[in-house]
Amino acid sequence: MIFNEEFETLPREALEALQLKRLQQVAQRVYHTVGFYKKAFDEAGVTPDDIQSLEDIRKLPFTTKQDLRDNYPFGLFSVPMSSIVRLHASSGTTGKATVVGYTKRDIDTWSRLMARSFVAAGLTKNDIIHNAYGYGLFTGGLGAHYGAEMLGASVVPISGGNTKRQLMILQDFGPTAICCTPSYALYLAEQGDELGIDMRSLKLRTGVLGAEPWSEKMRQEIEAKLNITALDIYGLSEVIGPGVAMECAEGKNGLHVFEDHFIVETIDPVTGNVVPNGQAGELVFTTLTKEAFPLIRYRTRDMSRLMKEPCRCGRTLTRMARISGRSDDMLIIRGVNVFPSQIEQVLLDIEGLEPHYELIVDRDGTLDTLEIRVEVSEAMFSDEVRTLQNVERRIAKDVKDYLGVTAAVKLVEPKSLQRFEGKAQRVVDKRSI
Ligand code: DLL
């Protein structure tokens, strides 16, 4: 089943003609309404009129997360605030990260993209969708919610957390589909087993899972434990939220990028050059239809590879392989995006700590764990145990307050952590997904 048959199955030529027309429009729009883009285009010596073919997109400059931060909070919006009906922000940051805005039409576009995603997963208006993505500034909850309503399905807006209640509702309401992160799907399965619930005999048939990297092995585990078909959904707040790309139930091999709304490129993260089709590279997206917050050549730092071969579902949209990693050091811990530099900032704000630390990320059963080991100064090291414990508590609290993640903190002796000659390796990620 295809939600938007016309646009999802356009012959490539027609799709590319549509993309070019929309690219020309968005280039004009940002050049004339957003000071940042006018300056960036001028510096690159390019004007919107230079876009004569799709390849000409390569003349346009990249946009990075730093550009978004520099223009915090609303500097890249292309419409007046009176036209903005919704704001979201990326998770797990001090707040000074990335804020995104939507017009009424953007919300409608996004809802349709999510409805498309659900239909690609085989869902219909007869489904009951248990939406365990977090509601709030994170785009997962409301994005999936509006999409489910657009489809006409019955949505259970359970949001994240309170696993016992989730398990009760899974049994009592009999939802046929679940939206959550893959690791939470596994956690639910595990907790259900512990409580003696037969998780395989629930009414669940489908999982629309994403927001963090996962693997084929994890998919098999989730499918076996919950007796569902687990499909991958990708997106990022900057581009629109979930619903940028979705795996179809028929192909179950790569995610269709909704190319009538986004142009996707893959680049070499070091040189910035576009890599040949099929080769691994960093995903770069340009939005074609967004009004409030159009983005030109946004560097996602997510690594993938594009597959142009036709898919058995009939969609002509290019597929991207599941995300294989990141070209920067961003960690996703229990669904929260965290940069080691943000943890460093918290540590440096506390007196008596040395700038030597190590972050150990692991998985306890199905849950991500974070341990922070940090060296204390000689002076502090000779303090009473109680003082040291207080410092540990303070670090854990600050990390939780500012970044939204729970961490176990361990103060270690001065000079006990490894030193590095080249690039410091501060993160030990023991998770195998
Ligand atoms: O995670 C949007 C989303 C919500 C996607 C619900 C899917 C489902 P952000 O919080 O801005 O937005 O985080 C975006 O999460 O750049 C990737 O690194 C990672 N990510 C998202 N989906 C996937 C996925 C939402 N399917 C960042 N596989 C992105 C791997 C993913 N990583």
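The values are calculated or read from the model by the stated rules, or taken from the named source; none is laboratory data. All figures in this text were calculated on a predicted structure; none of them were measured in a lab. Here Cβ is always computed from backbone atoms with ideal geometry, including for glycine, and neighbour counts include all displayed protein chains.
A few remarks follow.
- Subset of segment 170-181 that is under 20 Å from the mean Cα position of the chain (by Cα) and crowded, with 24+ Cβ neighbours inside 10 Å - its residue that is farthest from residue 205 (Cα to Cα): 180
- Out of 222, 197, sole residue that is in the same structural domain as residue 304 (by TED's automatic domain parsing), among the aliphatic types (A, V, I, L, M) and within 16 Å of the ligand (Cβ to nearest atom): 222
- Look at segment 227-252: where a residue is without any contact (Cβ under 8 Å) to a residue 40 or more places away in the chain and within 21 Å of residue 2 (Cβ to Cβ) and a partner is assigned to a strand (DSSP E or B) and more than 8 Å from the ligand (Cβ to nearest atom), sitting 6+ places away or on another chain with Cβ atoms under 8 Å, you get 252/229; 252/231.
- Residue list for segment 229-240, filter: in contact with a Leu (Cβ under 8 Å, 6 or more places away or on another chain) and either over 14 Å from residue 118 (Cβ atoms) or more than 8 Å from the ligand (Cβ to nearest atom) (or both): 230, 231, 234, 238, 239, 240
- Residue in segment 154-167 that is touching a Lys or Arg at 6+ places or on another chain (Cβ under 7 Å), in the same structural domain as residue 223 (by TED's automatic domain parsing) and without any contact (Cβ under 8 Å) to a residue 60 or more places away in the chain present: no
Yes or no, residue by residue, for (1) more than 16 Å from the ligand (Cβ to nearest atom); (2) within 23 Å of residue 248 (Cβ to Cβ):
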{"position": "124", "(1), (2)": "yes, yes"}
{"position": "148", "(1), (2)": "no, yes"}
{"position": "159", "(1), (2)": "no, no"}
{"position": "172", "(1), (2)": "yes, no"}
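- Residue match in segment 277-291 (condition: crowded, with 17+ Cβ neighbours inside 10 Å, part of a loop (DSSP other than H, G, I, E, B) and touching a Gly at 6+ places or on another chain (Cβ under 8 Å)): no
- Single condition residue 269 does not satisfy, out of (1) within 22 Å of residue 12 (Cα to Cα); (2) assigned to a loop (DSSP other than H, G, I, E, B); (3) out of contact with any helix residue (DSSP H, G or I) (no Cβ under 9 Å at 6 or more places or on another chain); (4) touching a residue at least 12 places away in the same chain (Cβ under 8 Å): (1)
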